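The structure under discussion appears below in the form of C-alpha cells.
The numbers here are math on the coordinates, done by the rules we state, and not lab data. What you are looking at is a predicted structure, and each value in this text was computed from that prediction instead of being measured. Glycine gets a Cβ as well: all are built from the backbone with ideal geometry, and neighbour counts include every protein chain shown.
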Amino acid sequence: MTRFLQAIVQGLTSGGVYALIALAFSIIYMTTRVINFAQGEVLMIGAYIYFYMAAPKGGAGLAWPIALFVALVGAMIVGLVVHAISIAPLGKFDPNTNIGWILTTLSVSLIAVEVVRNLAGEQAKRIDPVVKTFGGKSTIFSIEPKQYLILIVGVVLALVLEVLHSKTQLGRALRATAHDKATASLMGINTGFMVRYSFAIAGILGGIGGWLLAPVIFVDPNMGTLVGLTAFVAAVVGGIGSTRGALVGGLTIGVVESLAKWAGAGEWSTAMVFLTLILILVLKPTGILGEALIEKV
Amino acid sequence: MARKGGLLEDLRLANRDAQSERDRRRALRAWARARARGAVGIDETPEVETAEPRRDRMEETSATAAAELALKPESRFAVVKTPGGIAFAILVVLLIAWPYILPAFNPSNFLDMQDILAAAMVVMGLNLVAGYAGQLSLGQKIFVLIGGYTVGVFTTRFDTGFFGNHWIALILAVIFGMIIGALLGLPALRVKGAYLSIVTLAFVPIFYVAFNSQFLKPIFNGSQGIGDIKTPVGNLARPPRRVVTFPFTNHPMTNYDYYVFIVIAFAILFFLARNLVKSRWGRGMTAVRESEIAAKSSGVRVYKVKVSAFMISAAYAALAGAIITTYKTGQISPEASAAVHIRDSFVYVVMMIVGGTGTLAGPIVGATFVTLIRLLIPVVGDKFNVSLINWTTTILAVLALIGVITAPGGTVGVFQHNMEQRRAKRRRRHPDPPPARLPEALVRPRVRTEGVSADDVVLETKEMSKIFGGLRANDKVSIKVRRGSVHSLIGPNGSGKTTFINVVTGVYAPEEGEVWFGGEQIDGKPAFVTVEKGMARTFQNLQIWRRMSVLENVEVGLHSRAQAGFAANMVRTPRARREEAEIRARALGLLQFVGLEKWADVPAGALPYGPQRYLEIARALALDPILCILDEPAAGLNPAEVHDLMGVIRRIKETGITVFLIEHHMDLVMGVSDDIAVLDYGKKIAEGTPAEVQANERVIEAYLGAEAVEHMGA
C-alpha cells in the first residue's frame, strides 16, 4: 500500500513537468491551432543553457538564479526562433487542411537535436539540484525534494497563467485571438503579437521544464523528445487549449506512467501513456476538461 | 447509376443521329443574342423545344460531343498510351536493364537502385494518405519494420512449410501492416487535426521497445534481431542458408531475378496508386483534405476514406519493408535506438515533400533525389575534409523546410504548374470550341424514386430545439415541408436558420424534439446518413474544393451514386470503369444544367463568386436528392445573378425535387416560394404563403421593430 501511494506521489511530481509542457502546447494551440513539435527541444535547449551557466565543472559556475534567468531568456528566444522559422514563413494557412506546419516544426526539432549533439556531445551531463534537503531530510516519503519542486512549480505556474489569462486584458486579448483571429484583429488586437507572445511564453515554460528536469533525468540531446510527446498526450487528455486541462492532464499522465511502472510494466510504461491517448481519442476526443469545438458552417 | 447501359446507350444514339456542327453554332448564336437583349436567363438553355420525342431531342447534340467526352468506359490499359504512361514504361525498362547499364559508368555499386525503389514504394503509400487525404503519418518506418519482421519470423520459423514460403510471408506482411495500420488509424483519425501524426510518431518508440523487448524475445529475438532470412542467391559473400525460390517451384532466385521482381512490384504499386487517385475514392480523398465538412455533406464517408488511405499506405510500407529485408542482407534487427526510426520516417516525408506532395510522379522523383543526396553527403564531406555525415538529418530537415516554405508542390508540382500556365496561355490564344450540348437525359437532375415513401410531407420537425450553452438557437420549432414545393425559411440574422439546417442535415443533434425525413425519424443520425437518405445542401459560406476542377467538384457529389470500392477502383474492374464514365457524363450534364459547362476544367477557386454558388448547387443536385437545401444562395450575387438564380430554383422544382431555401433576399423568396416559415430568436413566429407572411404583423415587427409597426398602424 505504501508502495502504491508512493507511486502516486511520484507520478504527481513527474506530472508537474508534463503539465508545464502541456501548458506550452495549449497556449500555442490557442493562438495558432498548431502543435509545436519542437516544444520538447525547447526544453532540452533550456536545460543545456542552464547546465552551461550553472555547472561548476564544464560550465560557468554561476549562481543558480542567474543561470536560471539566462536559461529562461535563452529558451524564450528559442521559442521565438521556432516560430520565425517554422510558422511565420507559412503565412496565413488553415492548419486543418495544410500539413506543412507539422513538417516545419518537426524539422526544427530534428535540427535542434542534431546540432546540440554535434556541439555538446552525446554524453549525458549531470547537474546538482537546487534544493537538496527539506527540513533537514534528504527524502520525504522516499522521494527527493527536487521532485517535489517540479510539482510545486508546475501547479503554481499553471495557476498563475490561469489567473493571467482569465483576469487581465492580455488574457482577454489572447482568448479573443484564440476564438476568432480575424475579428480580434479588427478589435485592434495585434494578433501577430499574440502569436509571438504565445511562443515566447511556451519557450519560457520549456526553459523552466528543462531547469526542473536537468537534475532528475540529466541533460542529453534526446531528453526533450519523449517528454515532449508525453506532455502532448497530457495536453490532449486534459483538453488541448485549456489551462486547467493541461494541469489535470499532466498530473494524470504522470500518475498513469508511474503506476504502470509500479505494476511492473517496466519498459512498456511509455506504451501505457500512449495507450491512454488512444483511449481518450476513442472515449472523449475533446479531453477531460476540453470543450467541444463547434464548427460554424 | 446502376441502370445498365442507359446513359451510354443514349450517348451512342446521340452520336449516330447528330446534326451538323453548324446548326448547333447557329442555335447558340441566336441564344446568345437573345441573352444579350435580356430575353432569356442563363438558366434557359438555347434549346428550342423540350417536349419533342427523344430521337429529335438527341439530334441537337453535335457529332463531336460524344467523342469529345470519352464516354466509353476507359480501357483498363488506356493509361499506357498516354505520354505519362509511355514515360513510365520506358522507366521500367531502364530499371530492369539497370544492373547491366550501371557497370558501364560506375563499377563500384555506388547506387543501389533497389533502395530507391523500396523508398519510392513507401513514399507512394505515404503520398496517398498525406498528399491526397491530407493526414500526415510520421511513423511509416513502423510498417517497414513490420514487413521486415514478418518475412524474418515466418521464413526462419516455418522454413520449408507453407508459412515459410517467401511469397506467403509477403502477403502476410501486407496483412499485418494493414491490421496495425487499422489499430493506429481507427482511433487517431476519429478526430480532425494532427492526431495521426502524433499517434504514429509516438508509436515509433513503442514498436522499438516491442522488437527489443525481453518479453517478446521468443518471437523477435530482442536486440540481436533475426538472421538467415530467406534471401536470393548472390547478395551475400557466403551462400545464404535459406534461399528464396520462384513461386510454386523450388528453383532458387538469383539477386537479379529478385531485383526484376522489385521493379515489377514497384510498377504495380504505382499503377494501383494511380488508378485509385483517378477514381471516385481519389477525388473523395482530395475532397476530405480540402474540406471535411463539404465532403461529408456530399456523401463521402470521411472517416472511412481516411482510415482506408492510411491502411493502404501501411500496406505499401510493409511490402516495401519485406522486399528490401529479403533482398539486402537477409537479416533484420531493431537497430541502436528509436531515434533512427523516427529519422527514417521523417526522411520518407522529406522525399514526399521534395518530390511533390499530392502528385503521382512526386514519390519517385523525391525518393531518387533524397537518396542521392544522402549518398552524396559523405562523399562531399570527404572531399572538403569535414564530417558532414553527422549533419545528414540537419541537411535533410533544412531541405524540407525550404521545400515546404518555397514550393509546397515540390519538384513535380512546380513542373506541373509551369505546364498548366503554358497550356492556359495557348488556350487564350486559341480558345477551345464551345462545349458540346449533352442529351437532355443527362442535363436533367434526377429525383430519386426508389425506396422513397409517397408521403406528402418530405421533411418534418416536431418541437425541435437546439441549445448552445444555455442559448436556445432553435426553440421548439415545428415545420412541415410539402413534397415538390419550394419552402423558404426566413428571419433576421441570428434567428437560428442555419442552425435549423445543421440539425436537419445531421451536423448537430437536437436536444429536444424530433426530425422526420421521408417517413423516418432521423434526428441524431450523422450527416452521411441524411445524405444517403436524400438530403443535399449548399453552404452559406461557400464550401467548394477550390483546388479541384469545377468538374471534379461535381464528380465528388456523385460519389455516393457509385458502388465500386477502394480495391475495385485500384484494379479498375469493369464495373468501376463503367461507373467512372457515368459519373463523368452526369457531372458534365449537371454543369450544363447550371450553365457552367465551359468552365469544367478550371480550378473551382478561380471561378467568380456567382458561378461558385451555381457550382455548389450542381454538386448538391448530383446527390439525386429528394430535398435540396439552399443556405443563402443569393448572398453576394448581383441583381442579374439573383434573377438567374430564381430560374435555376424554378427548374429544380420542375424536376420534382423539393427545395428548402434559406434567404434574406425578399424578392427571391417571395418570387419562388410556395410556403414560408419565419424564425425569430429561435422560435417560429409565422408560417404560410408569401402573401400571408407578408401581411403578418409579427413578421413585420421582427424585421422592422415594434415601433415601426405602431408607426405603420398610425
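So what is the diffusion coefficient of region A:146-297 in µm² per second by Stokes-Einstein at 4 °C and 1.567 mPa s, using a Kirkwood Rh over Cα pairs?
Once the numbers are plugged in, D ends up at 76 µm²/s.
Where q = 0.07, 0.09, 0.12, 0.15 Å⁻¹, what log10 of I(q)/I(0) comes from the Debye formula for region A:2-283, counting one point per Cα? Summing over Cα pairs of region A:2-283 leads to -0.25, -0.41, -0.73, -1.14.
Straight Cα distances below 29 angstrom link residue A:125 to the lysines A:57, A:137, A:146, A:261, with same-chain residues fewer than 8 positions distant left out.
Taking 25 Å as the straight-line reach from the Cα of residue B:684, the lysines in range (excluding those fewer than 8 positions away in the same chain) are A:296, B:462, B:466, B:476, B:480, B:497, B:525, B:653. The order of B:345, A:86, B:485, going from fewest to most other C-beta atoms within 10 Å of their C-beta, is B:485, B:345, A:86. Lysine pairs in region B:114-418 whose alpha-carbon atoms fall under 20 angstrom of each other, counting only those eight or more residues apart or on distinct chains, come to 11. When A:193, B:88 are sorted by how many other C-beta atoms sit within 10 angstrom of their C-beta, beginning with the fewest, the order is A:193, B:88. The relative contact order of region B:542-686, computed from alpha carbon pairs under 8 Å that lie at least 6 residues apart in sequence, is 24 percent.
Rounded to the nearest 5, what % of the DSSP beta bridges within chain B are antiparallel ones?
Around 55 percent of the beta bridges assigned by DSSP in chain B are antiparallel ones.
Convex hull volume per residue, computed on the Cα atoms of region A:212-274, equals 89 Å³. Comparing mean-square fluctuations of A:63, A:47, A:246 from a GNM of chain A with C-alpha springs under 10 Å, the top value falls on A:63.
Comparing A:31, A:133, A:252 in a Gaussian network model of chain A (Cα springs below 10 Å), the most mobile by mean-square fluctuation is A:133.
Which is the longest stretch in chain A that no exposed loop site breaks, taking sites as GluC sites (Glu not before Pro) with a DSSP loop state and at most 15 other Cβ atoms within 10 Å? Formally, the longest exposed-site-free interval is A:123-290. Centre-to-centre, using Cα atoms only, region B:543-595 and region A:94-110 are separated by 32 Å. In plain terms, the residue of B:368, B:689 with the fewest other Cβ atoms within 10 Å comes first and the most crowded comes last, giving B:689, B:368. Close amide H partners of residue B:629, meaning residues 5 or more places away or on another chain with modelled amide H under 5 Å apart, are B:536, B:537, B:538, B:660.
Across the options A:95, A:158, A:236, the greatest Cα extent toward the positive end of the charge dipole of chain A (unit charges at beta carbon of Lys, Arg, Asp, Glu) belongs to A:158. Ranked from largest, the principal axis spans of the Cα set of chain B equal 104, 66, 53 Å. By the Stokes-Einstein formula, at 0.890 mPa s and 25 °C, region B:74-217 with its Kirkwood radius over alpha-carbon pairs has D equal to 134 µm²/s.
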